[in-house]
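Working notes for the structure below.
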Amino acid sequence: MTTVTTPGLERFRGLVSDALLSEIYDLARPLRGVHVLHINTTAQGGGVAALLRVLLPLARELGIPHTWRVVQLDEFAATFMARLTDMLQGGEPGLITPQDQRQFLDSLRSAMQPLVDERADLYYVHDIQLAPLGQLFPYMRPALWFNHIDTARPDPAALQYISQFLDAYALCTFNTPFSVFPQLPAGRTAVITLGIDPFSERHAPLSETEGVVLLAGSGIDPTRPLITQVSRFGRWKNPWQVLEIYRLVKQRHPEVQVALVGALEASDDIRAQAILADLQQRAGDDPDIHLLWDPAQLTAPVVNAFQRFSQVILQRSSREGFGLTVTEAMWKYQPVVGTSATGVRYQITHGYDGFLADDAESAASYTLRLLEERELWRQMGEAAHRSVQERFLLPMMLRDYLAALLRVRQLVASA
Ligand code: UDP
């Protein structure tokens, strides 16, 4: 049988194996014409939007119609969810009162109103905040659910609360094996490896000359070293420790600068503003601390320039589902100074293509090594790039994604 190839996927020929591309075409064939509707809570900002933006066009090109709808959560639902996230990610105890639960489900019902007439062959619901949709709207069948946060060490009460909604899903998908809910039967879970699109504007090659101009335009002095963390201003991203590490490094290198790059655009991220204000206060009048939040300024090429041309990239998350920012920096030849948070340690091999350390002092000493030993930095950066090429490019994600869709079609057909 001849395989009909698609231009989007063929760009990857040479970058990934021919066997992987053939596997993707094989998986896609029986899914042709199957309409998949994705529902999440944000069109901009954060990893979920980033992955849907690259995954859906390729899936469509393979003849599988896809739509993507965004549900706007009200303030109550967003606050309730932020608390539940802290419990599930952070393992923190908390109280989920019956009244809060009722109000949350009411909020979800009204948020879904604009979408209730939309029908598809498969429904793909993202994130814990939308987990109840399958139960609230029984027409959504068959449905899949994608948990994107770090649930390696959840608070048991929160896990129990969210689990009650999962019977509605034929398949629950997770971005690392560590976050899979242990009580779910293996037949109803899958891991979907995430991947980046190296051909997108966000990750396209950028010359150093262009990069330097973009960094200077963001207030950075390109003649002095820069350490950077690219991440939303979120509690679990631990931006405070980035400042601590910067201060430790500055004791030996007074010329060092630091940038926290986190566009304030995810409409469901209600706590970022408060965290930014706190960091601004801690930064005081230090001109070498750059807190960058304006989405108009933080265009794809600017973020690309920070990831590519910072001297050292940090990812200090204390919890991380996957951490696409780690993948992105590694692809751009950066050995990331990360932590043992789930998604970060999943991606970095300590001492080979990056470093893992949880406390500020150790992280500062790895940062100093990378700043001072540029040949080591270069070699580890090459290894980081290779690791992403082998494990975390868009075709790997597409393969796992299509396999998940196919599994659900087969489960339903055999039921
Ligand atoms: N990002 C961005 N601009 C910023 C900060 C982050 O475009 O100022 C992007 C980043 O490049 C990545 C995504 O947002 O693609 C963050 O995904 P990640 O999985 O690291 O974290 P999440 O926000 O989903 O927890």
For region 10-18, does any single residue satisfy the condition of being under 30 Å from D106 (Cα atoms) and either surrounded by fewer than 17 Cβ atoms within 10 Å (Cβ to Cβ) or within 16 Å of the ligand (Cβ to nearest atom) (or both)?
no
Do we find that D74 is within 26 Å of P395 (Cβ to Cβ), more than 16 Å from the ligand (Cβ to nearest atom) and either open to solvent by 50 Å² or more (accessible area, probe 1.4 Å) or hydroxyl-bearing (S, T, Y) (or both) in this structure?
no
Mind checking which residues of region 130-169 are in contact with a Leu (Cβ under 6 Å, 6 or more places away or on another chain) and either in a strand (DSSP E or B) or at pLDDT below 95 (or both)?
L144
Taking region 400-414 and keeping only residues that are touching a helix residue (DSSP H, G or I) at 6+ places or on another chain (Cβ under 7 Å), surrounded by 18 or more Cβ atoms within 10 Å (Cβ to Cβ) and not hydroxyl-bearing (S, T, Y), one is left with L402, L405
Would you mind stating whether R316 is outside any helix (DSSP H, G or I), at pLDDT 95 or above and among the basic types (K, R)?
yes
Where residues in region 256-269 are more than 14 Å from the ligand (Cβ to nearest atom) and of a type in the set (A, V, I, L, M), which of them is surrounded by the fewest Cβ atoms within 10 Å (Cβ to Cβ)?
V256
In the set A77, A82, which member is in contact (Cβ under 8 Å) with a residue 12 or more places away in the chain, in contact with a Phe, Trp or Tyr (Cβ under 7 Å, 6 or more places away or on another chain) and of a type outside the set (S, T, Y)?
A77
Considering only residues that are closer than 30 Å to E92 by Cβ, within 12 Å of the ligand (Cβ to nearest atom) and hydrophobic (A, V, I, L, M, F, W, C), look in region 331-347 and name the one that is farthest from the chain's Cα centre (by Cα).
V336
Among the listed residues D400, D358, which satisfies the condition of being modelled with pLDDT of 95 or more, under 20 Å from E320 (Cβ atoms), among the charged types (D, E, K, R) and assigned to a helix (DSSP H, G or I)?
D400
The one condition in (1) assigned to a loop (DSSP other than H, G, I, E, B); (2) within 12 Å of the ligand (Cβ to nearest atom); (3) open to solvent by 20 Å² or more (accessible area, probe 1.4 Å) that R224 fails to fulfil
(2)
Please state which one of L184, L159, L171, L206 is surrounded by 15 or more Cβ atoms within 10 Å (Cβ to Cβ), within 15 Å of the ligand (Cβ to nearest atom) and among the hydrophobic types (A, V, I, L, M, F, W, C).
L206
In region 110-142, which residues are of a type in the set (A, V, I, L, M, F, W, C) and within 14 Å of R69 (Cβ to Cβ)?
A111, M112, L115, V116, A120, L122, V125, L130, L133, F137, M140
Number of the exception - Y352 against (1) surrounded by fewer than 21 Cβ atoms within 10 Å (Cβ to Cβ); (2) within 15 Å of the ligand (Cβ to nearest atom):
(2)
Considering every residue within region 294-302, establish whether at least one is within 13 Å of the ligand (Cβ to nearest atom) and more than 21 Å from Q44 (Cβ to Cβ).
no
Taking region 303-322, which residues are open to solvent by 10 Å² or more (accessible area, probe 1.4 Å) and near the ligand (Cβ under 9 Å from one of its atoms)?
V303, E320
Filtering region 19-47 down to residues that are open to solvent by 40 Å² or more (accessible area, probe 1.4 Å), modelled with pLDDT of 95 or more and not hydroxyl-bearing (S, T, Y), which residue is farthest from L144 (Cα to Cα)?
A19
Test R60 against the stated conditions and say whether it is more than 16 Å from the ligand (Cβ to nearest atom) and in contact with a strand residue (DSSP E or B) (Cβ under 6 Å, 6 or more places away or on another chain).
yes
Looking at region 232-255, which of the residues that are within 16 Å of the ligand (Cβ to nearest atom) and not in a helix (DSSP H, G or I) is farthest from the chain's Cα centre (by Cα)?
N238
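The values are calculated or read from the model by the stated rules, or taken from the named source; none is laboratory data. In this text the structure is predicted, and so the values were computed from the model without any measurement. Cβ sites come from the backbone with ideal geometry, for glycine too, and all protein chains shown count toward neighbours. Just the protein is used for accessible areas: all its heavy atoms, side chains included, with ligands, DNA and RNA removed. Shrake-Rupley method; radii C 1.70, N 1.55, O 1.52, S 1.80 Å.
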